[in-house]
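In what follows, a single structure is set out as structure tokens and then discussed.
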Amino acid sequence: MELGDLIVDDVKKLSKEILSLPREVSIVTHRNADVDAVSSSIGLKRLLSRIGIESNIVVPDTISKSARAISQEEEIQFSQDEVREFSIVLDTSSTEHVSPIQLPKRGIVIDHHSSQGDLSRKYKTFLFDRDSLSMVILDLWKEFGMKPDRETVLILLSGILS
């Protein structure tokens, strides 16, 4: 697959892509990150850790008031300096939504919004027809044959219900 490929509703292909990731990545989500963006970021970070990939979560500016309660235990970065050489962009496919973060040349997008932004032309994009991205991350845990711990399930459930 080439950069800019669009893969629709395929958790199996996403899991294979994740297995080919570098050992260190950044998870980047949109400005004023909502509960679903933060929940899916935390759920993905914990999954990546279980399969041996170190990751950090980077948000361009702030997280919404409602998302702060679920993010208290997680370290969330707000600095361009924390972005690694490979990014997983969650819950948006637009550079405008992650500005002022400068994304690296390499990355993928995982999103559930039907509109495709400019990142869909730059990065391989996995688009899912789900109400929340947290549902996709939970499906990804299942695809890997793993069960998230109780706290992670509750965090993802918050994203699903938000």
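Numbers at a glance
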read-out: Within the stretch 111-150, tally of residues that are under 18 Å from Ile70 (Cβ atoms) and of a type in the set (Val, Ile, Thr); value: 2
read-out: Breaking point among (1) β-branched (Val, Ile, Thr); (2) at pLDDT 95 or above; (3) part of a helix (DSSP H, G or I); (4) in contact with a helix residue (DSSP H, G or I) (Cβ under 6 Å, 6 or more places away or on another chain), for Ile70; value: (2)
read-out: Residue among Ile76, Ile101, Ile51 that alone is modelled with pLDDT under 90 and aliphatic (A, V, I, L, M); value: Ile76
read-out: Residue that is closer than 19 Å to Ile160 by Cβ, touching a strand residue (DSSP E or B) at 6+ places or on another chain (Cβ under 9 Å) and among the polar types (S, T, N, Q), where the choices are Ser26, Ser79, Ser64, Ser49; value: Ser64
read-out: Pro60, sole failed condition from (1) in a strand (DSSP E or B); (2) surrounded by fewer than 21 Cβ atoms within 10 Å (Cβ to Cβ); (3) without any contact (Cβ under 8 Å) to a residue 60 or more places away in the chain; value: (1)
read-out: Residue list for the stretch 76-93, filter: surrounded by fewer than 20 Cβ atoms within 10 Å (Cβ to Cβ) and under 16 Å from Asp34 (Cα atoms); value: Gln77, Phe78
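The values are calculated or read from the model by the stated rules, or taken from the named source; none is laboratory data. The structure displayed is predicted, hence computed values, not measured ones. Counting neighbours? That spans all protein chains shown, and the Cβs are built from the backbone with ideal geometry, glycine included.
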